[in-house]
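The values are calculated or read from the model by the stated rules, or taken from the named source; none is laboratory data. Quick caveat, the model's predicted, so the values are computed rather than measured. Note: ideal-geometry Cβ built from the backbone for every residue, glycine included; neighbour counts use all protein chains shown.
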Amino acid sequence: MAASGCRGVRSILWKNRSCGKNVCVPRSKMVPQLPVRQIYVSSSLWKKNLAAAGPQKFTQEFIDKQVEEFEVGKRHLANMMEEDPETFTQEDIDRSIAYLFPSGLFEKRARPFMKHPEEIFPKQTAIQWDAKGRPFHFLFYTGKQSYYSLLHDVYEKILAIERHQDKMRNKGLFTSDTKQILLTGSRWLLKEEIEENLVENISDQDYMRLIQLMEKLLSMPYCSLEKEFILKFRKQLEVQSSKYEIPALQYDPQGVAFSVADGRRKTAKASITLRDSGSGNITINGRNYLHYFPVLQNRVQLMFPLLFVGMMGRFDIEGSVEGSGHSAQAGALRLAISRALLSFVSEGEVEKMRQAGLLTADPRIRERKKP
Amino acid sequence: MAASVRHLLKPWTPSLCFARWSRYNPYYLDPDPSKDAPDSELSPEQKELQELKTVRPIKAALSSDTSSTFNDPLISKFINMMMQDGNKILARGIMTQTLETIKRKQVEIYHRSPAAKRLEIECNPYTIFQKALENCKPIIGLASVQKGGKSYQVPVPLTDNRRRFLAMKWLITECRDNKHRRTHMYEKLSQELLAAFANEGNVVKRKHDLHKMAEANRAYAHYRWW
């Protein structure tokens, strides 16, 4: 701005100086000059409009070079950490980077990382047209060529299945109770996931249309022919019961099995030792549970997991709990007992306990005071 | 994949804060603390629900629910409605005393009556409570609809939850307001429950009044648009 301003100022000074020097210039000879006024512009007008360019584009050679550098760097890192370069996985890379560059930054995304270039650089489509400007794909001018070609593929498959049905009918072998594809425990891919696969943006209506077509494909009797194709669009949901960490079963010097577990509820923290001795005593913070919990509801909560599993008189419970009120302490103890019981109980029982709500930590906390 | 589900498993605050919301993500399903699954054949919807339960996270069981046979969801709901300022201990105590009083009264009647009539006398306080509540539930309710500057009482069907809520609410308000100063809540409650069991008493009368009003305002039934 100073540089652009200077030019204008200089021209005024020059004019003043010149006026100062040549005092007597006959008016008739003075050529009527149009006032020269410098337009002051800021240099921001000369800067490139970066937002209009869109996301940064990388050439295929650039990305290939990055991949090469990543592979070489991975081997160097493995050598540095004195591990085998051949079997160096991404988890090992993360661990090594965290070790070599320890960072205390709170924002996890700001910490140093080393990932495969495919994860860092967004997926881009290659150039869609040849040297003369003619597009390769026949659906290029729809704007969403991968999406529409996918719809075409699905419809082709539907037609193929119908032709197969007609053939079977002609032979007289048509049966409507053929093998059905199992869809339980999986869900359709989300719109974002499909966008990722197609490397294109699609609208909500487009997504709905695609799902409708897939459902139509599924409704046909011989859909099992296209099983792999359909399963590509289904995401398997994990069975939730596999997520629980079962505490290890430990043994006393006397040979009595016991397990230790923790539980929390609403700032109450509880820790339980479940001993397989066979008496059914419950001691909490050194006192009998009848004295510690005079309210019936809390005692019933303590016994709920044992009653559910059917092992009421089998265990000796020794627990310590602190914080919050009586009801929250009972809830924390219940969670701890359920977790400790996991090591004494079979897989089916674990799933039953989970569906009864015994294994979930209650996330409800006290709501803040508002004016 | 794990990343996309992980954010559904954390304690949740909705982006648009509603007046009533829960710390659970709506992805969570309700728990079922009853001990054993029904062994009878499951309908296809129930089978679907069972399979959905294996893949979805489940909320924690409430502090008032257990798998024992003594746990009655209707009684729990009634205790919660009777509770004031969070004093669950007091509310539960009143409920226990009410059931005890009902049992005592019925057993006294049982022993006083001749052998022929003994079979008809119901001594189980839980069945008495359930039957009494059934007798108090209104079938049709009234809703205030404004039309042309005037508000009319329009007869309207009620959902099951609403009916149960109204029955319990009427019982509790009746027992709190219309009693002698010196009677305890459990005494008055047991009297009302036994009366409702026999289709008498103020609460059943209130239900009948509501039905009569609805019948009287039958002409405005077409004002309902839902």
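Looking only at the stretch A:98-117, how many residues end up being outside any loop (DSSP other than H, G, I, E, B) and either in contact with a helix residue (DSSP H, G or I) (Cβ under 6 Å, 6 or more places away or on another chain) or assigned by TED's automatic domain parsing to the domain that holds A:V199 (or both)?
The initial filter retains those residues of the stretch A:98-117 that are outside any loop (DSSP other than H, G, I, E, B), namely A:98-100, A:108-110, A:117.
Now narrow it down to the ones that are either in contact with a helix residue (DSSP H, G or I) (Cβ under 6 Å, 6 or more places away or on another chain) or assigned by TED's automatic domain parsing to the domain that holds A:V199 (or both): A:117.
The total comes to 1.
Which residue is nearest to the other protein chains (Cβ to nearest Cβ), if the candidates are limited to the stretch A:342-371 and must be surrounded by 15 or more Cβ atoms within 10 Å (Cβ to Cβ) and over 32 Å from the mean Cα position of the chain (by Cα)?
Among them, the one singled out is A:V345.
A quick yes/no check of all residues on (1) over 24 Å from A:R368 (Cα atoms); (2) modelled with pLDDT of 90 or more; (3) part of a loop (DSSP other than H, G, I, E, B):
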position	(1), (2), (3)
B:F18	no, no, yes
B:S22	no, no, yes
B:P26	no, no, yes
B:D36	yes, no, yes
B:E41	yes, no, yes
B:L49	yes, no, no
B:K53	yes, no, no
B:S63	no, yes, yes
B:T66	yes, yes, yes
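Which residues, taken from the stretch B:197-226, are farther than 25 Å from B:A143 by Cβ and either crowded, with 17+ Cβ neighbours inside 10 Å or not hydrophobic (A, V, I, L, M, F, W, C) (or both)?
Of all residues in the stretch B:197-226, those farther than 25 Å from B:A143 by Cβ come to B:197-201.
Scanning the stretch B:197-226 gives B:F197, B:N199, B:E200, B:G201.
Of everything in the stretch A:234-265 that's modelled with pLDDT of 80 or more, of a type in the set (S, T, Y) and in contact with a helix residue (DSSP H, G or I) (Cβ under 9 Å, 6 or more places away or on another chain), which residue is nearest to A:G348 (Cα to Cα)?
The extreme case among them is A:Y244.
Scan the stretch A:126-140 and give yes if some residue there is within 30 Å of B:L52 (Cβ to Cβ) and among the aromatic types (F, W, Y), otherwise no. Full working, then the answer.
In the first step, residues of the stretch A:126-140 are kept if they are within 30 Å of B:L52 (Cβ to Cβ); the result is none.
Checked the stretch A:126-140: no residue is within 30 Å of B:L52 (Cβ to Cβ) and among the aromatic types (F, W, Y).
Condition (residue is more than 26 Å from B:L29 (Cα to Cα) and basic (K, R)) applied to the stretch A:301-323: is it met by at least one residue?
If we filter the stretch A:301-323 for residues that are more than 26 Å from B:L29 (Cα to Cα), which is where we start, we get A:311-323.
Pick out the ones that are also basic (K, R) and you get A:314.
Checking the stretch A:301-323: at least one residue is more than 26 Å from B:L29 (Cα to Cα) and basic (K, R).
Of all the strands (runs of 3 or more DSSP E) wholly in the stretch A:205-315, which have at least 2 residues that are free of Cβ contacts under 8 Å to residues at least 24 places away in the same chain and closer than 21 Å to A:L335 by Cα? It would help to see each step written out before you state the result.
Details: elements: A:234-236, A:257-265, A:268-275, A:282-284.
Of the strands (runs of 3 or more DSSP E) lying wholly inside the stretch A:205-315, none has at least 2 residues that are free of Cβ contacts under 8 Å to residues at least 24 places away in the same chain and closer than 21 Å to A:L335 by Cα.
In the stretch A:341-371, what residues are in contact with a helix residue (DSSP H, G or I) (Cβ under 9 Å, 6 or more places away or on another chain) and assigned to a helix (DSSP H, G or I)? Write out each step before concluding.
Residues of the stretch A:341-371 that are in contact with a helix residue (DSSP H, G or I) (Cβ under 9 Å, 6 or more places away or on another chain), as a first pass: A:341-342, A:344-345, A:347, A:349-356, A:358-362.
Passing the criteria: A:L341, A:L342, A:F344, A:E347, A:E349, A:V350, A:E351, A:K352, A:M353, A:R354, A:Q355.
Report yes if A:R264 is within 20 Å of A:I246 (Cβ to Cβ), more than 14 Å from chain B (Cβ to nearest Cβ) and surrounded by fewer than 22 Cβ atoms within 10 Å (Cβ to Cβ), otherwise no. Even if it seems obvious, please write down each step before you answer.
Numbers: within 20 Å of A:I246 (Cβ to Cβ): yes; more than 14 Å from chain B (Cβ to nearest Cβ): no; surrounded by fewer than 22 Cβ atoms within 10 Å (Cβ to Cβ): yes.
No: the conditions fail for A:R264.
Please work out if A:K191 is within 14 Å of another protein chain (Cβ to nearest Cβ) and among the basic types (K, R). Full working, then the answer.
Values: within 14 Å of another protein chain (Cβ to nearest Cβ): yes; among the basic types (K, R): yes.
It is true that A:K191 is within 14 Å of another protein chain (Cβ to nearest Cβ) and among the basic types (K, R).
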